[in-house]
Amino acid sequence: MKTAIISDLHSNREALEAVLADIGRRNVDDLLCLGDVVGYGPEPEFCVDVVRKKARWCLMGNHDDALFRDASDFNPYARGAVEFTRRRLNPRWWSSAEKRVRWKWLKSLPLRMTEGRFLFVHGSPRDPVREYVLSTDGILNPEKLRSIFSSFERIAVAGHTHQPGIHDESMRFHGLNGEQRLTIGFEKGHKYFVNVGSIGQPRDGDARACYAVLEEDRVSWYRVPYDFRITQEKILKTGVLNELLARRLAMGK
Ligand code: ZN
């Protein structure tokens with residue numbers, strides 16, 4: 001059984017299309033999404049509709065959740081994108097049924113899922129929507145990471161930081177370091193915290209979209225190039241989304 005896990009699409013249509021084409025070539029049986037379908041990018045409707053149609057389930061990310069609360073804890077660029085997305089998606093009394101369904105779907109996303117020995121969250125097992133488990137936590141914040149490891153049983157799978165890789169029980173982090181693909185096996189009886197990376201806004205210095213394929217005994221990450229210049233154009237054309245959100249796509253930061 002091979003399950004593709006996507007996360008942090010952030011309204012980036014070009015990256016999502018490239019990743020789905022790549023997944024289509026890998027004999028995958030199932031598709032799951034760990035949230036942040038929207039935010040930052042220019043095409044929320046497209047991304048929501050694709051995930052609704054293709055993923056077996058999708059979790060609530062902090063950017064999805066921010067549509068329904070005040071986003072004062074977000075930085076100004078992210079907050080501006082929340083407002084842009086809300087204006088695009090929030091139905092009025094005259095809006096189409098399609099628009100209402102989209103909004104209702106986003107509002108009712110679950111916070112966590114458990115399947116076999118895998119626990120899925122957007123952020124962390126302690127705070128499924130908001131807490132960041134950073135690639136540097138093992139070095140800079142080992143107490144925090146130890147406490148997170150004690151809050152799940154076997155293998156936790158998350159997104160949120162946009163930094164793909166894996167923490168093992170010794171608090172070491174293995175990232176992709178520019179590799180196009182990486183596979184890491186799960187040793188019997190050990191715990192792991194897996195981050196599947198981001199499709200729509202990678203932040204590990206590699207601009208290529210990232211997703212993971214989960215199997216019973218291993219996880220593989222894949223990097224997929226896409227034409228981010230098209231997405232950048234669309235971001236600038238909104239006249240609302242900050243140009244920094246376009247620039248960072250080229251840097252993978
Ligand atoms: Zn995100």
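A residue that is touching a Ser or Thr at 6+ places or on another chain (Cβ under 8 Å), farther than 15 Å from Trp221 by Cα and away from the ligand (no atom under 15 Å from the Cβ) occurs nowhere in the stretch 31-38. I need every pair where a residue in the stretch 189-210 that is on the phi > 0 side of the Ramachandran plot and open to solvent by less than 10 Å² (accessible area, probe 1.4 Å) has its Cβ under 9 Å from the Cβ of a residue that is within 16 Å of the ligand (Cβ to nearest atom) and β-branched (Val, Ile, Thr), sequence separation at least 6 or different chains. If the second residue must be within 16 Å of the ligand (Cβ to nearest atom) and β-branched (Val, Ile, Thr), the pairs left are Gly197/Thr161.
Flag set for Gly159, criterion: surrounded by 21 or more Cβ atoms within 10 Å (Cβ to Cβ) and in contact with a His (Cβ under 7 Å, 6 or more places away or on another chain).
Would you point out the residue of the stretch 79-99, among those that are aliphatic (A, V, I, L, M) and in contact with a Phe, Trp or Tyr (Cβ under 7 Å, 6 or more places away or on another chain), that is nearest to Leu245 (Cα to Cα)? It comes out as Ala81. Take Gly165 and decide whether it is within 16 Å of the ligand (Cβ to nearest atom) and either touching a residue at least 12 places away in the same chain (Cβ under 8 Å) or surrounded by 15 or more Cβ atoms within 10 Å (Cβ to Cβ) (or both). When the stated conditions are applied, Gly165 passes them. Taken as a whole, the structure leaves Gln232 outside the set of residues that are open to solvent by less than 50 Å² (accessible area, probe 1.4 Å), modelled with pLDDT of 95 or more and in contact with a His (Cβ under 7 Å, 6 or more places away or on another chain).
Note on the stretch 100-126: residues that are within 16 Å of the ligand (Cβ to nearest atom) and closer than 22 Å to His190 by Cα total 5. Yes or no: the stretch 211-223 includes at least one residue that is of a type in the set (A, V, I, L, M, F, W, C), modelled with pLDDT of 95 or more and within 16 Å of the ligand (Cβ to nearest atom). Looking for residues that are of a type in the set (A, V, I, L, M, F, W, C), modelled with pLDDT of 95 or more and within 16 Å of the ligand (Cβ to nearest atom), one finds at least one in the stretch 211-223, hence yes.
The values are calculated or read from the model by the stated rules, or taken from the named source; none is laboratory data. Computed from a predicted model, the values in this text were never measured in an experiment. Note that we place each Cβ from the backbone using ideal geometry, even for glycine, and neighbour counts take in every protein chain shown. Ligands, DNA and RNA are stripped out before the accessible areas are found, and what is left, the full protein with its side chains, is counted by its heavy atoms. Shrake-Rupley method; radii C 1.70, N 1.55, O 1.52, S 1.80 Å.
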